[in-house]
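**Q** Mind looking over this structure? Questions follow.
Every number in this text was worked out from the coordinates using simple rules, so none of it is lab data. The model shown is predicted, which means the values in this text are computed figures rather than measured ones. Because the Cβ atoms are built from the backbone with ideal geometry, glycine has one as well, and the counts that use them run over all protein chains shown.
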Amino acid sequence: MSRALGWLLGAAVVAGMIVAPSQLYTGQVRVVTTVLMFVALAQAWNIIGGLTGYACFGQVAFFGIGGYTTAVLMEHVNWSFWLALPVSALGCAAFAALIGLPLLRLRGHYFAIATLGVAEGMREVVTNLGPLTGGGAGITVPTVAGRGTLWLGNDGFYLLFLALAVLAVAVAALIAHSRFGYGLRAINQDEDAAASAGVNTTRAKVLALAISAGITGLVGSAYAFQQVTIYPQRLFDVDITVTMIVMVVIGGAGTVLGPLVGAVGLQFVSEHLRQNYPQEHILVLGAVIVLVVLLFPAGLVTVARTAVAQRRLTLLDTIRAYRL
């Protein structure tokens, strides 16, 4: 019953957000569109980093590959964006499965560093494929009548990223409450014990990485079309991965609501600080993140659930532990 109520509540929220642009200014629509983009990205990272426990520091590689695959297909093959979008996602998933087979044999910081190396390597590959990708000068997606797909406009991209955010949350929820999801949690807790219990850990990890990469590729594809002109430095920026991770950690890794809460909260706090404290907003935002992580190490959603279930606030335990 509670799960059905959750789905109904989610549907009501989505229905309200569909009509929200009519009540927002153009600048506000752009801000919410960015929030929705990071909701999808945080949910994607949470599948491999939160549920499975493999901290992928190279997640931006899939974001960049998705964006550049779409740009190349639209520019050089004259594909429609709507055709390039799913192909880009499938390409990212296939690439993730290919690199996942060897990389997922690594654990902990070894895996994190290896995936970071993949992201940096892909940026160099894209930069050096000048005739195909435009190299460091970037590539422009055709968005004119008769060639390419017409640009969607602010409201159109708002709805596109809303759809991607809903898709990411729905996929994460289905995985979290499935046998596959329980297997991922088992791997997170003790991979050797999970294998002994009958979980095919290699297949589960590779599939989790592929699903995560596919969603990230979808978002990267939509972002490339939104920006029109893209550059390797931006689409393969490691800060994008760091932002995903921070959102998941703040909200609560391994939960469905955690990345959603973390993405929405962090983006709106960041935007508020940027508008009101333009010179100091980076410093203040960093201090806020450190404070939240110290006080709520398990994430906001996990702390809230514990408080409701046990009728006590674990924040006090954290303060005692850190002698704050």
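**Q** Arranged from highest to lowest average of other beta-carbon atoms within 10 Å per residue, in what order do the peptides 223-229, 81-87 appear?
**A** Highest mean packing first, the order is 223-229, 81-87.
**Q** Next up: Can you grab the distance from the C-alpha centre of the stretch 234-257 to the C-alpha centre of the stretch 90-150, Å, no decimals?
**A** Answer, in whole Å: 18.
**Q** Work out how much length V228 to L129 would gain on full extension: take 0.36 nm times their residue separation and subtract the Cα-Cα distance, in nm to one decimal.
**A** This chain segment gains 33.7 nm when fully extended.
**Q** Right, another one. Compare the Cα positions of L283, V29, L167 along the charge dipole of the chain (+1 at Cβ of Lys, Arg; -1 at Cβ of Asp, Glu; about the Cα centre) and return the one farthest towards the positive end.
**A** L167
**Q** Sum -39500 (n - 2.57) across every DSSP H segment of at least 4 residues in the chain, then divide by the residue count to get the 222 nm mean residue ellipticity, nearest 500.
**A** -24500 deg cm²/dmol
**Q** State the answer as a single residue: which of L150, V60, A112 lies farthest towards the positive end of the charge dipole of the stretch 1-152, with beta carbon charges of +1 for Lys and Arg and -1 for Asp and Glu, about the Cα centre.
**A** Sorting the options by dipole projection puts first A112.
**Q** Moving on to the next point. By the gyration tensor of its Cα atoms, with a ≥ b ≥ c the square roots of the eigenvalues, what is the shape of the stretch 1-131: rounded for a/c under 1.5, prolate for a/b over b/c, or oblate?
**A** Taking the square roots of the gyration eigenvalues as a ≥ b ≥ c, the stretch 1-131 is oblate.
**Q** Further question: Kindly rank 256-266, 5-15, 154-164 from highest to lowest mean number of other beta carbons found within 10 Å of each residue.
**A** 256-266, 154-164, 5-15
**Q** Hey, of (i) 28, 26, 24; (ii) 38, 27, 19; (iii) 31, 25, 20, which did the structure itself give for semi-axes √(5λ) of the Cα gyration tensor in Å when calculated?
**A** Of the labelled values, this structure produces (iii).
**Q** With r defined as the distance between the Cβ atoms of A195 and L294 and R0 fixed at 25 Å, what FRET efficiency is calculated, to the nearest 0.05?
**A** 0.10
**Q** Starting from the amide H of I139, placed 1.01 Å from N in the peptide plane, find each other amide H under 5 Å away whose residue is 5 or more places distant or on another chain.
**A** I230
**Q** Quick check on packing: order 206-216, 277-287 by the mean number of other C-beta atoms within 10 Å, highest mean leading.
**A** Top to bottom by mean Cβ count within 10 Å: 206-216, 277-287.
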